[in-house]
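Enquirer: Quick one: the structure is below, and I'll ask about it shortly.
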Amino acid sequence: MKATVLEFVVLVAVVSGGALAQTTLRTTTTLVVVPTLVQTVGKDAVFSLTAADFTLTDNGVPQKVTLEEETKRPLSLVVLMQTGGVARGQFPSYANLETMLAELLAGARGGAPNRVSIVNFDSGAVAASPFTSNVAEWRDAIDHPDQGDSGAAIFDGIAYALDLLKKEPVGNRRAILLISQERDDGSKTPMKEIVRDLGETNTAVYSVTFSAQKTEAKLAFKEPHVNPPISVVPSDGSLKPYNDPERPTQGYFKLDAPLRLIFGAMQKNLSAEVADLSGGESMSFDGRGELEGDINVLSNHIRNSYLLSFTPTSAETGLHTIKVSLPNHPEMVVSARTSYWATGSK
């Protein structure tokens, strides 16, 4: 990417994956924001509801809900795109990404335009484009990114994206579109810090992931230098040609990558968990067609999601459980944050 390379260092150690399940969103203000997606059973987005349709409880106590006209507010979006590690195996999938993003940005209804910043990440170095409403300016960089190093520091990348979004106008919607493998590799930013900052900045993460193990396995058989055949030399140490029938040799491929595919399937998709906790969504892809379909779905959901907010009637410090429902529309499916952490008055 022809953009300035920015470096940042985070001094806190990474929290293990097991800590994620116990992490909840925090708020340091009296206003709690709850991004909410409503769909039919057929997965079609519903965007004709009013505040009166929603019921929201905080620790079981009904709250007065305000529904903001989010689709009239401009969107500040960071597209966080992995270019390190095995992501090079998915570069052909990125080929039409610029066109997909242009359609997403065109969703603004009056007022200031939607804006996007493209951020490439690997093990730590981050290249970022300035926020722009004309994504075509970065067509080549988006559709044909430069290959990064061997890392995939997803949490560090999200932390960097959040810093960019904090500088955007306060009234803007904030979102991160994360295109990456499922698991972090090399970040220094702890998970709980990421989730806390997502909650405090009201940023939703939309995660579209590929399987690192599956991609690596494909590369292993596609690229000879990645998975070269191994030949067994005759026991007598003869250096005769391998095609000598008197000195037969045996060749086979290294199975490291295929085995990692099997074991990797047992690991959690932490990128998806972050998305779910932030009130966003998670999807997966394996190829250009699936990526395009996923982004089209997410673009529709981003444009048509509801932004509920309320001021808690209880100032009790600690974990609060949220439940959003549609009593008069039981046939609809509601997806929203399920908890936040109140820090109490200072």
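The values are calculated or read from the model by the stated rules, or taken from the named source; none is laboratory data. Small disclaimer: the values here were computed from a predicted structure and weren't measured. Note: ideal-geometry Cβ built from the backbone for every residue, glycine included; neighbour counts use all protein chains shown. Just the protein is used for accessible areas: all its heavy atoms, side chains included, with ligands, DNA and RNA removed. Shrake-Rupley method; radii C 1.70, N 1.55, O 1.52, S 1.80 Å.
Enquirer: How big is the accessible area of TYR206 in square angstrom, nearest 10, if you roll a 1.4 angstrom probe over the protein chains?
Expert: 20 Å²
Enquirer: Can you list residues from other chains, or at least 5 along the same chain, whose modelled amide H is less than 5 Å from the amide H of GLY151?
Expert: Counting only residues 5 or more places away or on other chains, the set is GLY85, SER123.
Enquirer: Now a separate question. State whether the range 86-212 is rounded, prolate or oblate according to the following rule on the C-alpha gyration tensor (a ≥ b ≥ c being the square roots of its eigenvalues): a/c under 1.5 gives rounded; otherwise a/b larger than b/c gives prolate, and the remaining case gives oblate.
Expert: Here the range 86-212 falls in the oblate category.
Enquirer: Using a probe radius of 1.4 Å on heavy atoms only, what accessible surface per residue do you get for the range 50-202? Whole Å² is fine.
Expert: Accessible area per residue, the range 50-202: 38 Å².
Enquirer: Sticking with this structure for a sec: Would you mind checking which residues have amide H under 5 Å from SER284's amide H? H placed 1.01 Å from N; only 5 or more apart, or other chain.
Expert: THR209
Enquirer: Is the shape of the range 114-169 rounded, prolate or oblate, going by the alpha carbon gyration tensor and its root eigenvalues a ≥ b ≥ c, with a/c under 1.5 for rounded and a/b larger than b/c for prolate? Intermediate values should be presented prior to the final figure.
Expert: Values: a/c = 3.34, a/b = 1.17, b/c = 2.85.
It is oblate, given that a/c is not under 1.5 and a/b is not larger than b/c.
Enquirer: Same structure again: Say each of VAL297 and THR50 gets a label point 7 Å from the Cα, pointing the same way as Cα to Cβ; how far apart are those two points in nm?
Expert: Modelled inter-label distance: 3.2 nm.
Enquirer: If you don't mind, there's one more thing I want to ask. For the pair HIS144 and SER123, what calculated FRET efficiency results from E = 1/(1 + (r/R0)^6), where r is the Cβ-Cβ distance and R0 = 25 Å, to the nearest 0.05?
Expert: Calculated value: 0.75.
Enquirer: Oh, and also: Please list, in chain and number order, the residues 5+ apart from LEU177 or on another chain whose amide H is under 5 Å from its amide H, with Hs placed from the backbone.
Expert: Result for LEU177 returns VAL78, VAL79, LEU80, TYR206.
Enquirer: Which stretch or stretches of the range 298-312 have amide N atoms under 19 Å from the point lying 7 Å from THR99's Cα along the Cα→Cβ direction?
Expert: Counting only backbone N, you get 298-300.
Enquirer: Using a 1.4 Å probe on the protein chains only, how many percent of the accessible area of the range 71-200 belongs to carbon and sulfur?
Expert: Working: 2110 of 4500 Å².
Carbon and sulfur together cover 47 percent of it.
Enquirer: Greater than 28 Å separation of Cα atoms is the criterion. Which listed pairs, LYS166/LYS192; LYS64/LYS167; LYS188/LYS323, meet it? Walk me through the intermediate numbers first.
Expert: Values: LYS166/LYS192 18 Å; LYS64/LYS167 30 Å; LYS188/LYS323 33 Å.
From the list (LYS166/LYS192; LYS64/LYS167; LYS188/LYS323), the Cα-Cα distance tops 28 Å for LYS64/LYS167; LYS188/LYS323.
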